[in-house]
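The values are calculated or read from the model by the stated rules, or taken from the named source; none is laboratory data. Note that the structure is predicted; figures quoted are calculated from it, not measured. Neighbour counts are summed over all protein chains in view; Cβ atoms, including those assigned to glycine, are modelled from backbone coordinates with ideal geometry. Side chains included, ligands, DNA and RNA excluded: accessible areas come from the protein's heavy atoms. Shrake-Rupley method; radii C 1.70, N 1.55, O 1.52, S 1.80 Å.
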Amino acid sequence: MTMIQKNYSYDVAVIGGGPSGLAAALAAARHGSKVVIIERNDYLGGNAVTGLPFLGFLDKHGRQVTGGIAQEMIDTLSEMGMSPGHNRCPLHNSVTIFHPDMFKIVAMEKCEQEGIHVLLHCELVDVTVTDKRITNVTVMGKGIRINIEANVFIDGTGDGDLAYLAGCSYEKGQEDSGVMQPPTLMFSLNGFDEEKFFKYLDEHPEDLQPAESMQVSQGYDTTYFRSHKSYVFLGLRNLLSRLRAEGKNPLTRDTLIYINSVNPGQIYVNTTRIHNFDGTDPEEITRGTKESMKQIMQIIKLLNEEVPGFENCYISSIIPTLGVRETRRFLGKKRLTKDDVENLRIPADTIALGSYKVDIHSGLNDTTILTDLEGPYGIPLGCLISSEVDSLLFSGRHISMDAYALGSVRVMPTCMAIGEAAGVCAALAVKRGISPAQVPDQDVVELLKEDNAILSI
């Protein structure tokens, strides 16, 4: 039997349809490119459809640092009544919740409006590099091989699968240990009695301490939680510690994290944690999923039996894909470093701002380190441009940066801003018949400004 094979040709091919890849595809198409976006799942949106909120639209002082396509998505969802918008947060700078399934629908609609070829259920299997250029990639779905040629390729896979197969240099893990931040398998609970839980917190304010390295932030209390639907709860350290000492808490986390939902009585739980994990290894992904399933059952039992407000909670969904925080980071024309982030540098070639806290979950134990930033820093265009493959752009958490910078950059609004810049750069390269590295930084910057990106405060 002959294997079916298809061949396509595009200006820009985006591999990976998560938040960053989505923004890259939309930006490239809006600036005149013929675009395909390829996704291995059966939906677009990646981690944006897991129940996670958008963190970091605002900086510590309430100034908006991300606009463009990321803000457009929230505007569209808000108009539909599917997002209450941004809410300043004493702990996370800002929280923006939205309906994850409606995000899937809006993402697909926007791609259709821009004439983007969406190709789902396809996994990247091969990359051809000739004279330092990716000339085509091969993806496979349902036993059908699809060869895709393009002038520019954008890696939006999160793990940098395209760059890896192209032979690009990369780093993994924290600088001191090589250990990567752990993944989380998100799940949702229905039947949550929010007000009963808040009354418990009123009586036990010690359970509002969010992390070992932090005391309760000013304003991080039940008055805040009651004031706006967009919030994340991170706490119960005291209760969980006591229950662990009593042999009633098997969890590998020091806190409970849940995200409020637009649906009454529903929350999304971000509490499973898998140690010593490598999200670039299928065996590890399988282990992580299996262990997470067990942890989910333990978490529900513990909450039902020990935490007021959770007595009648029941599981309503398990997200189909592990949420991976950290894997590969690739070598670009420039590199974002801890020094850049801590000193809040915003260079002239900034194509996106970041201002979310440096948020590092331990891959070895149950702790989380949260470090405040007093304002935004700039991400240079060169961090998105491969220094080794001329036709390749990075988009998302695998751009050229160190592990410390990743702790802040990895949130979804920032990744969408990065993706939008990658799409603009790719479209300009196609129009001019040059490589992404040859596109003048300021040309990308000016187009991003015209498209309502925020590049300065």
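Annotations
- Which numbered condition Gly62 fails, given (1) free of Cβ contacts under 8 Å to residues at least 60 places away in the same chain; (2) crowded, with 22+ Cβ neighbours inside 10 Å; (3) at positive phi: (2)
- Among the conditions (1) touching a residue at least 24 places away in the same chain (Cβ under 8 Å); (2) surrounded by fewer than 19 Cβ atoms within 10 Å (Cβ to Cβ); (3) not in a strand (DSSP E or B), the only one that Ile369 does not satisfy is (3).
- Subset tally (residues that are of a type in the set (S, T, N, Q) and either part of a loop (DSSP other than H, G, I, E, B) or surrounded by fewer than 24 Cβ atoms within 10 Å (Cβ to Cβ) (or both)) for the range 78-101: 3
- Sub-6 Å Cβ pairs linking a first residue in the range 437-457 that is in contact (Cβ under 8 Å) with a residue 60 or more places away in the chain to a second residue that is part of a helix (DSSP H, G or I) and not hydrophobic (A, V, I, L, M, F, W, C), at least 6 apart or interchain, are Asp451/Gly68; Asn452/Gly68; Ala453/Gly68, ordered by first then second residue.
- Some residue of the range 388-409 being touching a Gly at 6+ places or on another chain (Cβ under 9 Å), open to solvent by 10 Å² or more (accessible area, probe 1.4 Å) and not basic (Lys, Arg): yes
- Restricting attention to the range 202-220, the residues that are at pLDDT below 75 and not acidic (Asp, Glu) total 7.
- Selection count where residues are in a strand (DSSP E or B) and either among the small types (Gly, Ala, Ser) or at pLDDT below 95 (or both), scope the range 102-138: 0
- The range 157-200 - residue that is in a loop (DSSP other than H, G, I, E, B) and among the charged types (D, E, K, R) and, of those, surrounded by the most Cβ atoms within 10 Å (Cβ to Cβ): Asp159
- Strands (runs of 3 or more DSSP E) lying entirely in the range 224-325 (those with 1 or more residues that are under 25 Å from Pro84 (Cβ atoms) and either open to solvent by less than 10 Å² (accessible area, probe 1.4 Å) or touching a Pro at 6+ places or on another chain (Cβ under 8 Å) (or both)): 232-235, 256-260, 266-269
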